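Undergrad: Pasting in a structure now, in structure tokens, and then I'll have a few things to ask.
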Amino acid sequence: MPKTALVTGASTGIGRELCKLLARDGYEIFLAARDAGRLAEVAAELLTIGAGAARVIPVDLARKDGPAQLAAALSGTVPDVLINNAGFGLLGDFSAGDLPRQLDMIQVNVTSLVELTGLLLPAMVARSSGRILNVASTASFQPGPGMAIYYATKAFVLSFTEAIAEENRRKGVSVTALCPGPTDTEFQGRAGMLETPLFSGALKIMSAAEVAEIGYRAMLAGKVLSIAGLRNRLGMEGLRLAPRSWVRRIVYGLHRA
């Protein structure tokens, strides 16, 4: 039987790079995102580099019925690999923000991830095999003034992933959280972060391909947590020693354009 994978947020960035890695290993890939045109371009590319098949599923995971629509589009297939990569962020103080858009962020980053996992995980457990990769963030490890909801959603993703990883440790299903730091993708432009110190300074940020490779290897190895890059791993260790009041102020400063 051919190996199958479902990737959300597959049209750009880390999701697209993860699809390439799956294609090189011969997976049949279901690609999900909002933009059907961009998905079609990715699907065509994947077929040239070894994908057994590449099926496009246009879906908006900000809609409450998005995860159910996506699961239905699989037509009964329970993928060997589920990669929950879809997500977005917004820069700005919560009090001055667009509340409906903030709620959409919770729907995409948290609710849809949980629902899609809940729809597919039981069948993985029943057959005693499967891998899940949830894309969290180094934002998972601290509060994020100036991006309060985004950081909170990623903290949820990390906590949820670690918990269900332990629950399924002896059931044949591995669950991995990938925690990238600042990465060269379209995320920062969409979030309004291009002029912040995180992305406009001299600090070298990782490429989407580098992050995807780290996360993919961690998933195949069955690791529960993968922080992408030595600098990010050292930074997260440093957070444990710093007073929380300092952490809040430093993070807020990094979000000031």
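Just so it is clear, none of the values below were taken in a lab; they were calculated from the coordinates. What you see is a predicted model, and the numbers here were worked out from it, not measured in a lab. Quick reminder, even Gly has a Cβ in these numbers, built from the backbone with ideal geometry, and neighbours come from all protein chains shown.
Undergrad: Quick one: which residues, 5+ away or cross-chain, put their amide H under 5 Å from the amide H of Val175? H built at 1.01 Å from N.
TA: Counting only residues 5 or more places away or on other chains, the set is Ile132.
Undergrad: By average Cβ neighbour count within 10 Å, what is the ranking of 215-221, 124-130 from highest down?
TA: 215-221, 124-130
Undergrad: If I model a spin label as a point 7 Å beyond the Cα along the Cα-Cβ vector, how far apart are those points for Val224 and Ala126 in nm?
TA: Inter-label distance under the simple model: 2.7 nm.
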